[in-house]
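Read through the structure below, which is laid out as structure tokens, and then see the notes.
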Amino acid sequence: MNDRNRFRKEPPVTTPAARMRAIIQRGYGTPGEVLAMSDAPKPVPGAGQVLVQVRATSVNTPDWISVTGEPYIFRLRSGLRQPTQSVRGSDVAGTVEAVGSGVGDLRPGDEVFGSLWDNAVQQPSGTFAEFAVVPAAQLLKKPAELSFQEAAASVMSGLTALTAMRDVGKVGPGSRVLINGASGGVGTMAVQIAKLLGGHVTAVASGRNVAMLRSLGADEVIAYTTQDFTQSSRRWDVILDNVMNHPPSRTVKVLEPGGTFIPNSVGNSGGLFAGLLRMARASLIRKKSVNVGLVKLDVTRDNLATLAELLASRKIRVVIDRAYPLRDAAKAVAHMLGHRSRGKVALTVDGANATNGAMSWL
């Protein structure tokens, strides 16, 4: 060996960081303008976290709000000029790729579903990607009876509906429940859960959805194009409003005294916050006793287990309007922005079939 090279240190061998495909958002605007497939670093799970190979996810209201940046008040959370977190999505179903320290009950290869949604903290990355890091406490092993697509489409909408009907509305045998916007993701789940709890369910939607909602268990369906439920002489114990297309002061008039109004929409004419203010003022002026129940999405294993049992036993089912491949995430978000989807809009990653045709009831 040449003496001059005898003690020479070889440069360290470096391994390129693992990469993945993800839908990256650049700025606020229409989905087609700001969402595109791109190369991104593959995330690494930390303590108490799980790296999931995503097989399916779904589009939810927070996703299109974060894409459009409207209403502007929500930019206080997502970023004023551009989103601080560039990958959308919170629901997930897939296969465990790796686990961080402190995770003892999930192993690579396990099929899981859950959500990385947190009411207080914005997660560093989302699920519109091939891989996502999710808190282990917000994942559950997926029942074999559920497809990846079905499991992913159920989480945010299913847990919102479960919380609204069971915990906030306290629906029980004989409760008269009205669900405005009953044909969407939360609405289709809420109709079924309210009925399962013993409620008499009135669903409000467009005329084209009457047959579907009756098949899900609705006792009555009001087509909003021909009838305004706020002008009815009838009264309900619980109203879940997923649309907020009427001033809350009118909506509470059809509540029984002591009834519960659950707003679940960014609404029209000033949005949810303005709507709540109008409702509060109307309630004070009219001296009518009503309860206002806000839904706080709590992703826990207990709640996921309840949802999984209901789905696996087919006591409730997921309505999926369309499922798009990951590369078409912009089209999926735009489809939901049209506010005409029946049930959920899903995204599938390689290995899970996309169905861009008719609505499927899984």
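The values are calculated or read from the model by the stated rules, or taken from the named source; none is laboratory data. Quantities reported herein were computed from a predicted structural model and do not represent experimental measurements. When we count neighbours, we look across all protein chains shown, and the Cβ atoms used for this are built from the backbone with ideal geometry, even at glycine.
Annotations
- The set of residues in region 44-67 being more than 17 Å from the chain's Cα centre (by Cα) and on the phi < 0 side of the Ramachandran plot consists of VAL44, PRO45, GLY46, ALA47, GLN49, VAL50, LEU51, VAL52, GLN53.
- Residue, nearest to PHE148 (Cα to Cα), within region 44-78, restricted to residues that are among the small types (Gly, Ala, Ser) and buried (at least 18 other Cβ atoms within 10 Å of the Cβ): ALA56
- When the criteria are applied in full, LYS170 meets the requirement of being out of contact with any Leu (no Cβ under 8 Å at 6 or more places or on another chain), at pLDDT 95 or above and on the phi > 0 side of the Ramachandran plot.
- Residues that are in contact with a Lys or Arg (Cβ under 6 Å, 6 or more places away or on another chain) and part of a loop (DSSP other than H, G, I, E, B), drawn from region 120-132: GLY126, PHE128, GLU130
- Taken as a whole, the structure places SER265 among residues that are in a loop (DSSP other than H, G, I, E, B), of a type in the set (S, T, N, Q) and at pLDDT below 90.
- Residues that are crowded, with 19+ Cβ neighbours inside 10 Å, under 19 Å from VAL299 (Cβ atoms) and of a type in the set (Gly, Ala, Ser) within region 79-107 comprise GLY89, SER90, ALA93, GLY94, listed in sequence order.
- The set of residues in region 220-252 that are among the hydroxyl-bearing types (Ser, Thr, Tyr) and either over 19 Å from ASN209 (Cβ atoms) or surrounded by 14 or more Cβ atoms within 10 Å (Cβ to Cβ) (or both) comprises TYR224, THR230, SER232, SER233, SER249, THR251.
- First in region 132-147 and among the hydroxyl-bearing types (Ser, Thr, Tyr), second anywhere and outside any strand (DSSP E or B) and modelled with pLDDT under 95, Cβ under 7 Å, 6 or more apart: SER147/LEU362
- Region 45-97: number of residues that are part of a strand (DSSP E or B) and either within 13 Å of GLY29 (Cα to Cα) or hydroxyl-bearing (Ser, Thr, Tyr) (or both): 3
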